[in-house]
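K.L.:
Pasting a structure here, questions to come.
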Amino acid sequence: MKDMTLTQEYFTCAVNSKGKISSLSIERQVCLLAAGLLELQMEGCISIDRKQICIAAPLPAAKQYLAPLYAFLDKPRPVKMEKLLEAYTYSFTDRYFRELTASVGKQLAAMGLARQTAGGVFGTVSYVPAKEAIHGVTDMMRAELLEEGEVTEEIAALAVLLERGGCLKPYFSQLEQKEMRARLKEMLNAPNGKLVKSMVDYVENMIAIVTVLATAHS
């Protein structure tokens with residue numbers, strides 16, 4: 001199976017059987033956004049602090065599935081994190097979020113890891129991950145998080161995102177989930193767990209901003 005990136009792996013396990021992330025699953029939406037931002041940051045395309053995001057370099061060809069997100073951030077001035085989250089989770093239209101999920105799904109389909117489908121009143125296109133892709137991600141997580149051995153930073157970050165997005169239950173037993181959380185906690189306290197801790201802080205900060213937005217929009 002072709003290798004997937006963090007955003008593609010998260011998408012594969014986060015969408016439902018129709019290839020969608022419900023607008024009611026705000027935390028699940030935020031975690032997809034966080035995965036995309038982390039990828040862009042690790043690629044050197046953007047710089048992020050807790051409040052704003054700046055473009056730092058052009059988007060490489062290998063990351064074109066993140067083009068909708070990059071385009072939103074590509075402004076003369078830094079984009080506030082609050083503005084980004086409001087546009088992707090609390091706008092009158094779900095245009096920005098749909099564009100991002102469609103772009104990620106389309107790339108997976110091109111890799112042979114998802115199939116395109118259309119449904120609903122407007123025939124909205126979505127992408128349903130192949131079982132092979134789902135098993136590939138979950139098996140990889142089991143191998144690293146539930147067995148003795150080194151856990152890569154990407155798998156740790158993926159586990160944090162899937163756990164915070166409430167995506168683990170369909171794929172892992174309660175015992176497995178408990179063991180995964182315990183392993184991640186160990187990593188948070190380890191000297192080399194800096195990236196995992198920053199990932200947790202990163203996601204929690206975004207969730208906190210969304211919670212404030214929810215209150216403002218209620």
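The values are calculated or read from the model by the stated rules, or taken from the named source; none is laboratory data. This one's a predicted model, so the numbers in the text were calculated from it and none came from an experiment. Note: ideal-geometry Cβ built from the backbone for every residue, glycine included; neighbour counts use all protein chains shown. Heads up: the accessible areas ignore ligands, DNA and RNA and are worked out on the full protein's heavy atoms, side chains in. Shrake-Rupley method; radii C 1.70, N 1.55, O 1.52, S 1.80 Å.
K.L.:
May I ask you to order 180-187, 83-90 by the average number of other C-beta atoms within 10 Å around their residues, highest value first?
P.N.:
Packing order, densest peptide first, comes out as 83-90, 180-187.
K.L.:
Also, quick follow-up: Using a Förster distance of 25 angstrom, determine the FRET efficiency expected from the C-beta separation of ALA62 and THR152, and round it to 0.05.
P.N.:
Efficiency, rounded to the nearest 0.05: 0.85.
K.L.:
Would you mind calculating the gained length between GLN41 and ALA214 on full extension (0.36 nm times residue separation, minus the Cα-Cα distance), in nm to one decimal?
P.N.:
On the way: separation 173, 0.36 × 173 = 62.28 nm, distance 2.65 nm.
Length difference between fully extended and current span is 59.6 nm.
K.L.:
One-quarter of the Cα convex hull surface for region 38-139, in nm²?
P.N.:
Working: hull surface 32.1 nm².
Averaging across all directions leaves 8.0 nm² for the Cα convex hull.
K.L.:
Taking square-rooted eigenvalues a ≥ b ≥ c of the alpha carbon gyration tensor, is region 108-157 rounded, prolate or oblate, where a/c under 1.5 means rounded and, failing that, a/b exceeding b/c means prolate?
P.N.:
It is prolate, given that a/c is not under 1.5 and a/b is the larger ratio.
K.L.:
Here's another thing I want to ask about it. Once amide H atoms are built 1.01 Å from N in the peptide plane, which residues 5 or more positions from THR124, or in another chain, come under 5 Å H to H?
P.N.:
Distant-sequence amide H within range of THR124: GLY119.
K.L.:
Continuing with this model, one more query. Show me 56-64, 125-133 ranked by packing, highest mean number of other Cβ atoms within 10 Å first.
P.N.:
For the peptides 56-64, 125-133, the packing ranking is 125-133, 56-64.
K.L.:
Based on Cβ point charges of +1 for Lys and Arg and -1 for Asp and Glu, what charge dipole magnitude is obtained for the chain about its Cα centre, in debye rounded to the nearest 20? List each step's numbers first, then the result.
P.N.:
Numbers: 25 positive and 25 negative charges, 158 e Å.
Once rounded to the nearest 20, the dipole reads 760 debye.
K.L.:
On to the next question. With a ≥ b ≥ c taken as the square roots of the eigenvalues of the C-alpha gyration tensor of region 124-209, please select rounded if a/c is under 1.5 and otherwise prolate if a/b is larger than b/c or oblate if it is not?
P.N.:
It comes out oblate by the Cα gyration axes.
K.L.:
Let me ask another. Work out the FRET efficiency for ALA182 and ALA110 from their Cβ-Cβ distance, taking R0 = 41 Å, and round it to the nearest 0.05. Walk me through the numbers on the way to the answer.
P.N.:
Values: r = 37 Å, r/R0 = 0.91.
For ALA182 and ALA110, the calculated efficiency is 0.65.
K.L.:
With a cut-off of 8 Å between alpha carbons and a minimum separation of six or more residues, what is the relative contact order of the chain in percent?
P.N.:
Contact order relative to length: 26 percent.
K.L.:
In the chain, which whole DSSP H runs stretch at least 18 Å along their own axis (Cα) and average -1.0 or higher on the Kyte-Doolittle scale?
P.N.:
The answer, listed by residue number, is 26-42, 95-110, 131-145, 194-217.
K.L.:
I want the local charge near TYR10. Using Cβ-Cβ distances under 12 Å, sum +1 for each Lys or Arg and -1 for each Asp or Glu among the other residues. Provide the component values of the computation, followed by the final result.
P.N.:
Working: positive: ARG28, ARG164; negative: GLU9, GLU39, GLU154, GLU163.
After counting each charged neighbour, the total is -2.
K.L.:
Right, next: So, for the chain, what is the accessible surface per residue at a probe of 1.4 Å, expressed in square angstrom?
P.N.:
I get 53 Å² per residue for the chain.
K.L.:
Given axes a ≥ b ≥ c from the Cα gyration tensor, I'd like to know whether region 166-218 is rounded (a/c under 1.5), prolate (a/b larger than b/c) or oblate. Can you show the working numbers first?
P.N.:
Values: a/c = 4.04, a/b = 1.40, b/c = 2.89.
The shape class here is oblate.
K.L.:
Taking 8 Å as the Cα distance limit and 6 or more residues as the minimum spacing, I'd like the relative contact order of region 139-218 as a percentage.
P.N.:
29
K.L.:
Right, another one. Do the alpha carbons of any pairs in LYS63/LYS83; LYS169/LYS197; LYS75/LYS194; LYS106/LYS178; LYS18/LYS185; LYS51/LYS197 sit beyond 25 Å of each other, and which pairs?
P.N.:
LYS75/LYS194; LYS106/LYS178; LYS18/LYS185
K.L.:
Can you find, among TYR65, ALA118, TYR202, the residue sitting farthest towards the positive end of the charge dipole of the chain, where Lys and Arg contribute +1 and Asp and Glu -1 at Cβ?
P.N.:
Working it through, the farthest residue towards the positive pole turns out to be ALA118.
K.L.:
State the percentage of accessible surface on the chain attributable to carbon and sulfur atoms; use a 1.4 Å probe and exclude ligands, DNA and RNA. Walk me through the intermediate numbers first.
P.N.:
Working: 6270 of 11660 Å².
Percent of accessible area from carbon and sulfur atoms in the chain: 54.
K.L.:
Here's another thing I want to ask about it. What are the ³J(HN,Hα) values, in whole Hz, obtained from phi via the Karplus relation 6.51 cos²θ - 1.76 cosθ + 1.60 with θ = phi - 60°, for each residue of region 52-67 in sequence order, with x given for Gly and Pro?
P.N.:
Using θ = phi - 60°, the values come out as 8, 10, 10, 6, 10, 7, x, 7, x, 4, 5, 10, 5, 5, 9, 4 Hz.
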